[in-house]
Amino acid sequence: MPVQTEPPKIQIRDRRPLRGADEAGTAKKVAVRDLNFFYGRVQALHNISIEIPERIVMAFIGPSGCGKSTFLRTLNRMNDVIPGTRVAGQVLIDDHDIYAPGTDVVELRRRVGMVFQKSNPFPKSIFDNVAYGLRINRVTSSSSELAGRVEQALKDAALWSEVKDRLKTSALSLSGGQQQRLCIARALAIRPEVLLMDEPASALDPIATSKIEELIFDLKKQYTIVIVTHNMQQAARVSDTTAFFLLGKLIEVNSTEKMFTAPNEKLTEDYITGRFG
Amino acid sequence: MDLHRHLDDELSSLRDRVLLLGGEAEQALERAMYALTERDSEVAREVLDHDDQVDHLEVEIDRQCIDIMALRQPAARDLRFVISVAKMAPVLERIADHACNIARTAIDLNNEPELKSVLDLSRMAEHALKMLRAALDAFTSNDAVTARQVIESDTEINDLYNHTFHRLIELMVTEPATATRDARLLFVAKHLERIGDYVTDICELTVYMAEAAFIKHSN
Amino acid sequence: MNNSDYIRRANSAFMTAMTALCTLLAVGALLIILSHIAWQGIGSLNFQFLTDSPRPVGEGGGIGNAIIGSLVLLLLASGIGLPLGICVGVYLSEIGRGRFGGAVRFIVDTLTGIPSIVTGVFVYAILVLPMKHFSALAGGVALALIMVPIVARTTEEMLKLVPHSLREGALALGAPQWRVTLGVVIPAAAPGIATGAMLAIARVSGETAPLLFTAFGSRFFPSSLNEPIASLTVQIYNYAISPYDEWHAQAWAATLVLMTLVLSINIVVRILTRKKF
């Protein structure tokens, strides 16, 4: 009978280990410097400076109207479609200022994808929804390649098994949670580098929400994800880093563990413990 | 904001409860030592009878901590407070248990003739009580500085223990007639030394609560 | 308490009765008109009537050429008016913000109110006079000019109903504005735009005055667009003001045919807009 000479190894039965910052990329993907944003004459963002490293999940939290969604939309210039907006400052993605004159906004939005609060699938088939980005950007050269990319995107969004038999049916026949995952698949199909999510689960029930959160956890291996959420527990569950906004200013950026156990700023602590907002 | 008023009320009530438990532990130790030094078995028995209430209080605190965590999801400062209380309650209950052990020893010793060596233990007990009071005060006022000082003063108790230990061993060798009684006193000394360690734990928790710093096992 | 309750109920019953009476009057009037037309016209309806061209009094004849003429004119008008109207509608909804857009919208609204006879006289001046003869082409242009403002406004309204989130979703995938409009917004509004188009056709199929100055009318089957052409409405007018009873009877029958045409278009629109995508 063999005698065990080594002490037994301790098995850590956690399939989702807490990931430290050193596992994520150390290169900064997005660097914002002194960003000021105006709706007409109203200043919505004041001197925001922040760095977002690659392949992490950063959550933006703050009370309603604090500017977190506005700031998110400056990262892919979606605010351009609103008339009368003005931007001062720099937003650097891979060290290129996206607000420099002559920037190709269409190309920017290919690299920085966005998922919205209320899912907005096109009134087309499931397949056509996911293929839309691929088609307009002429990413694939053959229909089999297109079908392959669509399938991969749906698998990445954890939706493939539920829809693989009905790709040609209307996207609007899916449930709310499925529609949102479809929108995520649609955004992922063109393989962006950064994924911006504006309260992606706020319109969903708890089970659908947890599916989306599970998805985000898997996606962060490949993508840099920025998620705006008004649900602090969601920020705590899902993100590596958290940024707290208030009245258009960035109050604090910290690792999520620190933010929720011992934040640096009193304002942050007051918000997190529910003293206001 | 209605919701956080509930949270504040619950945190206050939790604080009151844990301070009550602290007071119970203090009182148990004080009275157990009184029973020992003044040879009053009646007081000792009261300490033993009262221990049920102390245990009950600890369980209540435990339950309340879990409820607050589940229902209010406290964060940051509030979270550190609740966790510290949850860890502190069993420590206080064990201090009270040690006090009970001292009370039992007092009853046994009171049936036998008086011993001189009891007085050394009084000094240890004084010190332990002082430490406990200081620790509870520091907890109440979120005072990490005082808490650290109390941790330092644990060395005094350890020194007193070592001194008493050697004295009692000496006595047991030189005066075998009182050996059994001396042995019992040795156990009392050990209980007091353990209480000193527990008070250190309480201070470490206070430092964590106030500064979010883990200083456990750092020495 | 009982008293005021009784008064309230009596009041309510009275109001209900009044509105029911008004409805009966309105619907009744319509039914009376329709049944009168049917009663008067049904006698002269037969296959020969529907396929023959007009003959001198006493020899019978029919409205075959008028039916075909009306269809030709409607097709012509749609071919010109629908694309123009839809384009204007797209401009107003998607692009025309600001002062110029406002001015265009105002002009379009004014044009919807122009009496159709004025449009007829205008087309007479710009097409008939230079060409020195009446033509189906001129008739088609006149009808188109009446259609354009109507189609433009309904198209604009339908496009405005497309939720903004759909546009944002497409923009966020890197689609340029024109692609978003063409590939996402218009297809989403297509059912509504089609409804608007058909209703404009139904409206224009009843116009008489403009055709008097442009298409003029004819007793023969149409052979070219450059010649005058018959239409149901003008034919009814001519027969009705004639002194012959036989032609009066034919006018009633033609009216019945025209009413049937308009009613069918409306019914088809109803059926087609029943299912929503």
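If Lys and Arg each add +1 and Asp and Glu each add -1, what is the summed charge of the other residues whose beta carbon sits under 12 Å from the beta carbon of A:ALA201? Walk me through the numbers on the way to the answer.
Numbers: positive: A:LYS118, A:ARG181, A:LYS211, A:ARG237; negative: A:ASP198, A:GLU199, A:ASP205, A:GLU213, A:GLU214.
Result for the neighbourhood of A:ALA201: -1.
Normalised by the residues of chain C, what does the relative contact order come to in percent, with Cα pairs under 8 Å and at least six apart? Walk me through the intermediate numbers first.
Numbers: 363 pairs, mean separation 73.0, N = 277.
So the answer I get is 26 percent.
Which whole-number percentage describes the relative contact order of segment C:47-134, with Cα contacts under 8 Å and a sequence gap of 6 or more? Intermediate results must be reported in sequence, preceding the final value.
Numbers: 38 pairs, mean separation 10.8, N = 88.
So the answer I get is 12 percent.
Would you please state which residues of segment B:187-210 a label at B:ASP108 would reach in this model, taking the label point 7 Å out along Cα→Cβ and a backbone N cut-off of under 11 Å?
Hits in segment B:187-210 for B:ASP108 at 11 Å: B:187-188.
Restrict the search to segment A:129-185; then list the trypsin sites (Lys or Arg not before Pro) that DSSP places in a loop and that have at most 10 other Cβ atoms within 10 Å of their Cβ. List each step's numbers first, then the result.
Numbers: sites: A:ARG135, A:ARG138, A:ARG149, A:LYS155, A:LYS164, A:ARG166, A:LYS168, A:ARG181; in loops: A:ARG138, A:LYS164, A:ARG166, A:LYS168.
In loop regions of segment A:129-185 (DSSP not H, G, I, E or B), the sparsely surrounded trypsin sites (Lys or Arg not before Pro) are A:ARG138, A:LYS168.
Calculate one ³J(HN,Hα) per residue across segment B:53-64 by plugging θ = phi - 60° into the Karplus curve 6.51 cos²θ - 1.76 cosθ + 1.60, and present them in order as whole Hz with x for glycine and proline.
Using θ = phi - 60°, the values come out as 4, 5, 4, 4, 5, 4, 4, 4, 4, 3, 4, 5 Hz.
Between C:PHE220 and A:VAL105, with labels modelled 7 Å along Cα→Cβ, what's the label distance in nm to one decimal, could you check?
6.0
Run the numbers on chain B and let me know its relative contact order in percent, using alpha-carbon pairs under 8 Å that are six or more apart. The partial results should precede the final answer.
Values: 264 pairs, mean separation 55.6, N = 219.
So the answer I get is 25 percent.
Which of these, B:GLU42, B:GLU24, B:GLU126, has the largest mean-square fluctuation under a Gaussian network model of chain B (Cα springs below 10 Å)?
B:GLU42
Can you list the HN-Hα couplings for segment C:229-239, worked out from phi with the Karplus curve (6.51, -1.76, 1.60; θ = phi - 60°), rounded to whole Hz and with x for Gly and Pro?
Whole-Hz 3J(HN,Hα) from phi for segment C:229-239: 9, 7, 8, 4, 5, 5, 4, 4, 4, 4, 5.
Would you pull out the residues with amide H under 5 Å of A:PHE60's amide H, same chain only if 5 or more places away, H placed 1.01 Å from N?
The list, which skips near neighbours in sequence, is A:ILE227, A:VAL228, A:THR229, A:ALA243.
Taking R0 as 41 Å, what FRET efficiency do you get between C:GLU227 and C:GLN177 from their Cβ-Cβ distance, rounded to the nearest 0.05? The partial results should precede the final answer.
Working: r = 45 Å, r/R0 = 1.09.
Efficiency, rounded to the nearest 0.05: 0.35.
At 7 Å along Cα-to-Cβ for each site, give me the label-to-label distance between B:THR37 and A:GLU213 in nm.
Going by the 7 Å Cα→Cβ label model, 5.6 nm.
Say we join alpha carbon atoms closer than 10 Å with springs in a Gaussian network model of chain C; which of C:ILE186, C:ILE117, C:ILE267 then has the biggest fluctuation?
C:ILE267
How large is the charge dipole for chain C, taken about the Cα centre, if only the Cβ atoms of Lys, Arg (+1) and Asp, Glu (-1) carry charge, to the nearest 20 debye? Working shown, then result.
Numbers: 17 positive and 12 negative charges, 190 e Å.
In total the dipole reaches around 920 debye.
Can you list residues whose amide H is under 5 Å from A:THR85's amide H, if they're 5+ apart or on another chain and H is modeled 1.01 Å from N?
Here the answer is A:GLY40, since their amide H atoms fall under 5 Å of that of A:THR85.
Which value, in debye to the nearest 20, gives the size of the charge dipole of segment C:194-277 about its Cα centre, when Lys and Arg are +1 and Asp and Glu are -1 at the Cβ?
Numbers: 6 positive and 4 negative charges, 141 e Å.
Its charge dipole is roughly 680 debye.
Taking the Cβ of A:GLY102 as the centre, find all other residues whose Cβ is under 15 Å away and add up their charges (Lys, Arg: +1; Asp, Glu: -1). The partial results should precede the final answer.
Values: positive: A:ARG77; negative: A:ASP80, A:ASP97, A:ASP104, A:GLU107.
Charge balance near A:GLY102 sits at -3.
Can you compute the FRET efficiency between C:LEU199 and A:GLU265 using 1/(1 + (r/R0)^6), with r the Cβ-Cβ distance and R0 = 51 Å? Round to the nearest 0.05.
Working: r = 61 Å, r/R0 = 1.20.
It comes to 0.25.
Find out how many positive minus negative residues lie around A:LEU159, taking Lys and Arg as positive, Asp and Glu as negative, among other residues whose Cβ is under 12 Å from that of A:LEU159. Provide the component values of the computation, followed by the final result.
Working: positive: A:LYS155, A:LYS164, A:ARG166, A:ARG181, A:ARG186, A:LYS211; negative: A:GLU151, A:ASP156, A:GLU162.
That works out to +3.
Measure off 7 Å from each Cα along the Cα-to-Cβ vector at C:LEU84 and C:THR112, then give the distance between these two points in nanometres to one decimal.
For C:LEU84 paired with C:THR112, the spin-label model returns 1.8 nm.
With a/c under 1.5 counting as rounded, go ahead and sort chain C into rounded, prolate or oblate using the C-alpha gyration tensor (a ≥ b ≥ c being the square roots of the eigenvalues; past the cut-off, prolate if a/b is larger than b/c, else oblate). Don't skip to the end; give the middle numbers.
Details: a/c = 2.23, a/b = 1.17, b/c = 1.91.
Verdict is oblate for chain C.
Spelling out what I want: for every residue of segment B:187-202, take phi, set θ = phi - 60°, compute 6.51 cos²θ - 1.76 cosθ + 1.60 (Karplus), and round to whole Hz; glycine and proline get x.
Coupling constants for segment B:187-202: 5, 4, 4, 4, 4, 5, 5, 4, 4, x, 4, 5, 4, 4, 4, 4 Hz.
Of C:GLY96, C:GLY139, C:GLY62, which is the most mobile in a GNM of chain C whose springs link Cα atoms less than 10 angstrom apart?
Checking each option, the largest mean-square fluctuation is seen for C:GLY96.
Given a Förster distance of 60 Å, report the FRET efficiency between B:GLU60 and A:LYS155 from their Cβ-Cβ distance, rounded to the nearest 0.05.
Values: r = 51 Å, r/R0 = 0.85.
Given R0 = 60 Å and the Cβ-Cβ separation, E is 0.70.
Would you please give the residues with an amide H less than 5 Å from that of A:ARG166, counting only those at least 5 places away or on a separate chain, with H modeled from the backbone geometry?
none
Computed from the coordinates by the stated procedures, all read-outs in this text should not be read as laboratory data. What you see is a predicted model, and the numbers here were worked out from it, not measured in a lab. Every residue, glycine among them, receives a Cβ derived from its backbone with ideal geometry; neighbour counts consider all protein chains shown.
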